[in-house]
C-alpha cells in the first residue's frame, strides 16, 4: 500500500468513525425523548392552571428538541456513511504515486476492448458466416459470453443492427485519448519534479516571498502557500478566488500541483504584495 492509498484508508476510517459517532448521538437523543415521554400518560392534555402545567410544557419542549436533534444526527450519520463508501471510487487520482502505472493498465484494457469490439463487429456483419459460426467465433476467439454473443448477432440491444453500436466505439476511443493525455501530463509533471529536486536538492522545493513560503509539494501533489499566521480577510478572499483551500493537516493553503496552480500562486503572491503596498 502506497502513501496515497494509506491516506484513502485513513480518510475512510475517519468518516466511518464520524458516522458511528453520529448514529450513537441519534440513538441517545431518541432514547431520551422516549424516556421523557414515558412519564406522560398517553393522550394526557396540558392542564392549564394546574401545578403540572409548567413541567408538562417543559417535557414536551424537551421531547421535541431531542427528536429534532436525533433526526439531525441521523441525517449526519447517513452523510458520513455515504462519503466513506465513496472514498476511492472516483477513478485514478493524480495524487496516487502509482497513477501512471495504473493509467497504463487502464489504457491497455481500453485498447483491448476497442480491438475486441472492432473484431466482433466484423464477425457480426459477415455475409459468409452462419449465426452459429458467428457465435462460436465471438465466444472462442474473442472471449465474449455466449448470451452476449447471441444478442450481438441479432442486434437485440441496437434496434436490429448487429454488433456493438458505433457510440460504444466512439466513447471508448475518447477514453483512450483522454487516458493517453493524462499519462503524458503526469510524465511531464514527474520530469519537472526530478529537475526541481536536482536543482534544489530537496523533494519539496520552497521559496520565500516575505513572510510567505511557497512550496511545490511533489509528495502530496500540491502547490502550497504557508503563512506565519492566519491571513486577513482580503488575503483569504484572494486565495479562495484562485482555487486555494485551507488544509489544516498541512498547515497550508493549497491546490493540486499543476502548471495552472503554479501560475495561480504567482497571481496570489502578486496581489498580496499589491495590497501591502497599497496600505503603506
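Note on residue 232 and residue 3: with the Förster distance fixed at 45 Å, the Cβ-Cβ geometry gives a FRET efficiency of about 0.85.
The mean sequence separation of alpha-carbon pairs under 8 Å and at least six residues apart, normalised by the residue count of the chain, gives a relative contact order of 12 percent. For the chain, the antiparallel share of DSSP beta bridges with both residues in that region comes to about 100%. For the stretch 130-219, the relative contact order is 11 percent, taking Cα pairs closer than 8 Å that sit 6 or more residues apart in sequence and dividing their mean separation by the residue count. Here the Debye sum runs over all C-alpha atoms of the stretch 93-201 as equal scatterers in vacuum, and log10 of I(q)/I(0) at q = 0.12, 0.23 Å⁻¹ comes out as -0.55, -1.14. Shown is the FRET efficiency for residue 145 and residue 194, computed with R0 = 51 Å from the Cβ-Cβ distance and rounded to the nearest 0.05: 0.65. Entry for the stretch 42-81 at q = 0.21, 0.24 Å⁻¹: log10 I(q)/I(0) = -0.68, -0.77, Debye formula applied to identical alpha-carbon scatterers, no solvent contribution.
When only alpha carbons are used to place a centre, the stretch 103-182 and the stretch 211-236 end up 50 Å from one another. I need the shape label for the stretch 3-86. Rule: rounded when a/c is under 1.5, else prolate if a/b > b/c, else oblate, with a, b, c from the alpha carbon gyration tensor. The shape class here is prolate.
Normalised by 2.2 N^0.38 Å, where N is the number of residues, the C-alpha radius of gyration of the stretch 206-279 stands at 1.00. Starting from the Cα gyration tensor of the chain, take the square roots of the eigenvalues, sort them a ≥ b ≥ c, and report rounded, prolate or oblate (rounded when a/c is under 1.5, otherwise prolate if a/b is larger than b/c, else oblate). Oblate, since a/c reaches 1.5 and b/c is not below a/b.
Note: relative contact order over the stretch 49-189, using C-alpha pairs below 8 Å and six or more positions apart, is 24 percent.
Two numbers describe the Cα atoms of the stretch 41-164: Rg and Dmax, which are 31.8, 97 Å. Note on the chain: helix-only mean residue ellipticity at 222 nm, from DSSP H runs of 4+ residues weighted -39500 (n - 2.57) and normalised by residue number, equals -22500 deg cm²/dmol.
Each value in this text was obtained by applying a stated rule to the coordinates, not by laboratory testing. Keep in mind that this is a model prediction, so the values were computed, not measured. Reconstructed Cβ throughout: ideal geometry from the backbone, glycine too, with neighbour counts over all protein chains shown.
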